[in-house]
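Notes follow once the structure below has been shown.
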Amino acid sequence: MSDQDYLWELNEDDFWHANKDKVLLKLVKKGTVLDIGGGTGSFSIKLAKLGLDVTYVDTSEKYYKIAMARAKGYKIKLINGDFLSSKIESKFDNVIISGFIEHIYDDIALLKNIYSILKPGGRIILLTSAYPFLYSNFDRSVGHYRRYSKLELYNKMQSTGFNVRFLKYWDVLGIPVLFLTKLTGKVPIDSGSLNNKFLNKLLDKWFILFENKMILPFGLDLIAMAEK
């Protein structure tokens with residue numbers, strides 16, 4: 001999970017989750033989808049509502065049970081386990097890894113594995129944490145092995161066979177939050193502060209009008225789409 005995803009992991013109606021999902025959904029092509037690290041299943045359900053054939057996988061038994069309850073009535077295959085050891089034999093048109101790759105020690109092995117289960121022309125769509133200089137005790141506490149520079153992510157994806165089609169920074173507003181976290185060692189806001197409806201509506205407008213449409217020179221996260 002990415003930085004803000006961790007802070008508000010179960011508040012999935014907030015501006016950040018809603019707009020993150022909008023951006024990722026626009027990058028998905030028709031066909032089959034593997035949602036790795038699918039969490040509580042909210043994104044898998046959004047994919048299924050688009051008529052896509054969805055497979056969900058997550059190691060957390062807690063999240064898996066929530067996803068199972070939520071996914072009733074939707075065409076979603078749910079797997080509780082580690083992607084790298086689950087021996088998934090199907091081939092997919094899309095693989096989603098949102099806030100996942102930074103948690104994996106051997107990210108090259110992960111990318112190679114994903115490449116191997118994609119159909120020709122299939123897509124990997126990912127979101128991950130940007131800026132190695134912002135790496136802090138907070139990252140360690142949530143299980144991040146690294147943060148990525150734009151060039152590092154591009155090079156690793158290209159070196160494992162992918163043709164990077166889309167790579168952008170996203171979430172400018174999150175930078176000062178994580179910068180203060182690095183300086184103080186404490187997250188300066190809590191989940192309750194984002195339950196304010198007016199604030200959520202205001203920030204939602206910011207993302208809709210600017211973040212989601214523009215290619216910005218900086219941002220707390222990186223979003224990429226690459227093809228096999």
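Could you list, in sequence order, the residues of segment 203-226 that are free of Cβ contacts under 8 Å to residues at least 12 places away in the same chain and assigned to a loop (DSSP other than H, G, I, E, B)? Result: K213, M214. Residue check: is A18 part of a helix (DSSP H, G or I), within 18 Å of the chain's Cα centre (by Cα) and either small (G, A, S) or over 30 Å from F138 (Cβ atoms) (or both)? So A18 fits the description; yes. The C-beta contact set for segment 4-28 (first residue surrounded by fewer than 20 Cβ atoms within 10 Å (Cβ to Cβ) and among the β-branched types (V, I, T), second residue modelled with pLDDT of 90 or more and assigned to a helix (DSSP H, G or I), distance under 9 angstrom, 6+ apart or interchain) comprises V28/L47. From the list K119, K112, the lone residue that is under 14 Å from V33 (Cβ atoms), surrounded by fewer than 19 Cβ atoms within 10 Å (Cβ to Cβ), in contact (Cβ under 8 Å) with a residue 40 or more places away in the chain and of a type in the set (K, R) is K119.
Scan segment 35-62 for residues that are β-branched (V, I, T), touching a Gly at 6+ places or on another chain (Cβ under 8 Å) and either outside any strand (DSSP E or B) or more than 18 Å from I97 (Cβ to Cβ) (or both) and the total you get is 1.
Restricting attention to segment 29-51, which residues are among the aliphatic types (A, V, I, L, M) and out of contact with any Lys or Arg (no Cβ under 7 Å at 6 or more places or on another chain)? Scanning segment 29-51 gives V33, L34, I36, L47, L50. Residues in segment 43-60 that are of a type in the set (S, T, N, Q) and surrounded by 18 or more Cβ atoms within 10 Å (Cβ to Cβ): S44, T55.
Consider segment 142-164 and keep the residues that are without any contact (Cβ under 8 Å) to a residue 60 or more places away in the chain, within 18 Å of the chain's Cα centre (by Cα) and over 14 Å from I108 (Cβ atoms). The one that is surrounded by the fewest Cβ atoms within 10 Å (Cβ to Cβ) is G143.
Determine whether K112 is closer than 26 Å to K49 by Cα and among the basic types (K, R). In short, no. The residues listed here are I45, I88; of these, the one that is under 17 Å from the mean Cα position of the chain (by Cα) and without any contact (Cβ under 8 Å) to a residue 60 or more places away in the chain is I45.
Here F198 meets each of (1) modelled with pLDDT under 75; (2) closer than 16 Å to K20 by Cα with one exception, condition (2).
Restricting I88, I114 to those that are at pLDDT 95 or above and under 28 Å from V164 (Cα atoms) reduces the list to I114.
The values are calculated or read from the model by the stated rules, or taken from the named source; none is laboratory data. Please read these numbers as outputs of a predicted model, since none were measured by experiment. FYI the Cβ positions are ideal-geometry reconstructions off the backbone, even for glycines, and counts take in every protein chain you see.
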